[in-house]
Amino acid sequence: MSRLDRRGNGRIDKPRGPQRDGPVLKLGNQVTVLQEGVTTQVQRRGMDLAFVFDTTGSMLDKINGLISCMDSLVADLDRLALDWRVTTVPFGDLTITGDRVVDTQPFVADVDSASRQLRSMPMFSGGANLGESSVEAMLAGCKKPYRPEAVKVLVLITDEPALGHRQGARAVDQALTALDAVCFTVAPDLPYYRQWSQTHGGDWTQVAAAVDTSSIAGLFRSLLSRVVSVTDEVHRLGGGSVMKYLELERGGE
């Protein structure tokens with residue numbers, strides 16, 4: 001016999017055999033035996049996720065594709081009992097008048113608010129030149145008010161090269177290291193985009209300027225599932241530390 005709490009935070013089971021001293025609380029991958037008359041505090045493991053999103057013209061279909069996958073993201077997060085928050089960092093090309101990097105979007109913790117924030121991101125022109133301000137946006141994303149105990153995850157989504165990448169690529173790498181963050185990139189096949197993700201525990205996924213809607217939805221569904229599984233592994237294997245998790249991963253290679 002079991003009971004779910006109102007947010008799906010855990011399940012309380014009555015013991016099925018003599019090996020249990022009391023009811024068992026299952027919270028994601030954690031199992032806690034409850035003792036009668038003893039207060040047991042179980043903390044959900046945190047994840048703070050920032051979508052660093054190029055919102056110039058060619059990216060509208062990517063925004064819609066990501067929004068369509070938010071329900072599956074939340075289902076995966078709840079299945080692993082992750083206490084999650086989401087924010088966005090919309091950006092364009094800082095060399096174009098009117099374009100900017102928006103670093104003021106708040107963290108939200110429910111799917112409706114997350115979807116609304118994605119839909120309401122300001123759109124930028126990007127100009128007619130090749131490249132957007134991915135470096136500046138990633139640096140802004142690293143400065144968001146993350147919770148100290150949460151695993152920090154940045155997902156960069158752009159279909160353009162990064163302006164100033166020669167000087168900025170190392171700065172982004174250093175900022176991700178200082179934050180102890182996981183990084184995923186959905187971006188063109190360029191060395192710095194691959195490096196940011198591969199060095200910081202995530203994955204690089206190639207994106208084209210024009211792909212069909214079903215392919216975009218499939219891409220983001222796979223990406224978000226991977227984001228959740230890596231966050232779970234960072235908590236389980238690294239005790240919440242990305243650096244410790246990477247040491248274990250690389251030690252096993």
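The values are calculated or read from the model by the stated rules, or taken from the named source; none is laboratory data. Just so you know, these numbers come straight off a predicted model, no measurement behind them. When we count neighbours, we look across all protein chains shown, and the Cβ atoms used for this are built from the backbone with ideal geometry, even at glycine. Side chains are part of the model used for accessible areas, which takes the heavy atoms of the whole protein and leaves out ligands, DNA and RNA. Shrake-Rupley method; radii C 1.70, N 1.55, O 1.52, S 1.80 Å.
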>> Could you go through the range 187-196 and let me know if any residue there is out of contact with any Asp or Glu (no Cβ under 8 Å at 6 or more places or on another chain), modelled with pLDDT of 95 or more and crowded, with 19+ Cβ neighbours inside 10 Å.
In response: yes
> Where residues in the range 75-115 are among the aliphatic types (A, V, I, L, M) and assigned to a strand (DSSP E or B), which of them is farthest from residue 46 (Cα to Cα)?
Replying inline: 101
> Of the numbered conditions (1) among the charged types (D, E, K, R); (2) without any contact (Cβ under 8 Å) to a residue 12 or more places away in the chain; (3) open to solvent by less than 10 Å² (accessible area, probe 1.4 Å), residue 132 satisfies every one except a single condition; which is it?
Replying inline: (2)
>> Go through the range 48-65 and report how many residues are in a strand (DSSP E or B) and at pLDDT 95 or above.
In response: 7
> Among the residues of the range 68-110, which ones are of a type in the set (Val, Ile, Thr) and surrounded by fewer than 17 Cβ atoms within 10 Å (Cβ to Cβ)?
Replying inline: 95, 97, 104
> Could you list, in sequence order, the residues of the range 232-242 that are within 11 Å of residue 181 (Cα to Cα) and either part of a loop (DSSP other than H, G, I, E, B) or at pLDDT below 95 (or both)?
Replying inline: 240, 241
> Does residue 195 count as over 25 Å from residue 99 (Cβ atoms), among the polar types (S, T, N, Q) and in contact (Cβ under 8 Å) with a residue 12 or more places away in the chain?
Replying inline: yes
> Out of 123, 47, which single residue is of a type outside the set (Ser, Thr, Tyr) and within 18 Å of residue 231 (Cα to Cα)?
Replying inline: 47
>> I'd like the full set of residues that are free of Cβ contacts under 8 Å to residues at least 60 places away in the same chain and open to solvent by less than 10 Å² (accessible area, probe 1.4 Å), limited to the range 149-167.
In response: 162
>> On the basis of being modelled with pLDDT of 95 or more, closer than 27 Å to residue 234 by Cα and open to solvent by less than 10 Å² (accessible area, probe 1.4 Å), does residue 140 make the cut?
In response: no
> Cβ-Cβ below 8 Å, separation at least six or inter-chain, first residue in the range 98-123 and closer than 22 Å to residue 81 by Cα, second assigned to a loop (DSSP other than H, G, I, E, B) and not aliphatic (A, V, I, L, M): which pairs?
Replying inline: 107/144; 107/145
>> within 19 Å of the chain's Cα centre (by Cα) and not hydroxyl-bearing (Ser, Thr, Tyr): which single residue out of 126, 131, 202 fits that description?
In response: 202
> Picking from 156, 118, 139, 130, which residue would you name as being assigned to a loop (DSSP other than H, G, I, E, B) and among the aliphatic types (A, V, I, L, M)?
Replying inline: 130
